[in-house]
Amino acid sequence: FEELGERDLEPGRLSGAVNDVVAEIERLRHLVEVIGPVNPLAPQQHREESRRLEDLGIQVDDMEESAAELKKLSRELERAVRGEFMDAFEAIRSSFQKYFELLVGDGSARMSLTDPENLATSGIEIDVRIPGKRRQPLNALSGGERAMVAVALLFAMIDPRGGPVCVLDEVDAALDEANIVRFQNLLDDFADRMQMIMITHNGGSIERAS
């Protein structure tokens with residue numbers, strides 16, 4: 001009532017002011033009932049939860065920063081792996097063409113990626129042209145022709161990186177006499193650079209062995 005002026009103290013106005021105060025008291029009393037018992041530890045709990053929220057915020061920021069760094073490293077690794085793979089693939093593709101020509105005398109071989117943009121799921125397609133025939137996919141070749149492709153691919157994979165020892169298990173089993181001679185000549189060339197161990201039932205290959 002301290003804020004009431006002289007005019008407010010008139011009987012009619014005073015009655016209205018009291019009614020307003022009573023109404024406000026009732027409103028506040030109802031609000032207290034809705035809120036329930038007052039927790040005297042609320043300020044302390046609020047400070048503790050605020051500190052915890054701040055700590056969690058820092059942790060979230062650290063995790064987001066780590067995630068961004070991992071994504072960056074993943075992209076860099078993907079580029080490095082892609083570069084290494086493409087370098088190796090190009091070297092093998094070039095050698096494959098060279099050794100296939102040496103083995104069949106006249107012809108061509110081609111390797112290609114089925115999905116160059118997605119190396120993780122890309123396959124490799126091989127098609128060749130045998131002398132006197134049109135270019136064909138690998139599954140359309142005869143057993144002997146596939147054997148020549150396999151031998152050319154084998155030497156193409158060995159050639160770029162090499163190694164101290166190479167073991168061949170009956171790779172000449174399906175080759176005819178003319179192809180056996182070319183294969184043996186190629187084998188002699190590789191034997192000058194690494195130790196070649198060959199399992200074979202072919203008499204000509206056994207005679208050429210040291």
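Tabulated results
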| read-out | value |
| --- | --- |
| Cα-based reach from Lys133 at 19 Å (exclusive), listing lysines while leaving out same-chain residues under 8 positions away | Lys98 |
| Backbone HN-Hα couplings from phi across the stretch 127-143 [Karplus 6.51/-1.76/1.60, Hz, Gly and Pro as x] | 9, 9, 10, 7, x, x, 10, 7, 5, 9, x, 4, 6, 9, 8, 6, x |
| Among Leu28, Ile180, Gln195 - extreme Cα towards positive end, dipole of the chain, charges at beta-carbon | Ile180 |
| GNM flexibility winner over the chain from Ser94, Ser50, Ser108 (Cα, springs under 10 Å) | Ser50 |
| Selected from Val104, Val22, Val167 as most flexible by GNM, with the chain as the system and alpha-carbon contacts under 10 Å | Val22 |
| Once exposed loop GluC sites (Glu not before Pro) are cut out (DSSP; at most 14 other Cβ, 10 Å), longest piece of the chain | 7-116 |
| Carbon and sulfur %, accessible surface of the stretch 142-210 computed with the full protein complex present, 1.4 Å | 53 percent |
| Accessible area (Å², per residue) of the stretch 90-210, counting only protein heavy atoms and a probe of 1.4 Å | 57 Å² |
| Electrostatic dipole magnitude of the stretch 101-210 [Cβ: Lys, Arg +1; Asp, Glu -1; Cα centre; debye, to 20] | 220 debye |
| Dipole moment magnitude, nearest 20 debye, the stretch 35-85 about Cα centre, only Lys, Arg, Asp, Glu C-beta charged | 120 debye |
| Cα gyration tensor shape for the stretch 79-210, rounded if a/c is under 1.5, else prolate or oblate | oblate |
| Mean separation of Cα contacts under 8 Å, 6 or more apart, over the residue count of the chain: relative contact order % | 14 percent |
| Prolate/oblate/rounded call for the stretch 120-192, Cα gyration tensor, a/c under 1.5 rounded | oblate |
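The values are calculated or read from the model by the stated rules, or taken from the named source; none is laboratory data. All values reported here derive from a predicted model rather than from experimental measurement. Positions of Cβ are backbone-derived with ideal geometry, glycine not excepted, and every protein chain shown enters the neighbour counts. For the accessible areas, the whole protein counts, side chains as well, though only heavy atoms, and no ligand, DNA or RNA atoms are used. Shrake-Rupley method; radii C 1.70, N 1.55, O 1.52, S 1.80 Å.
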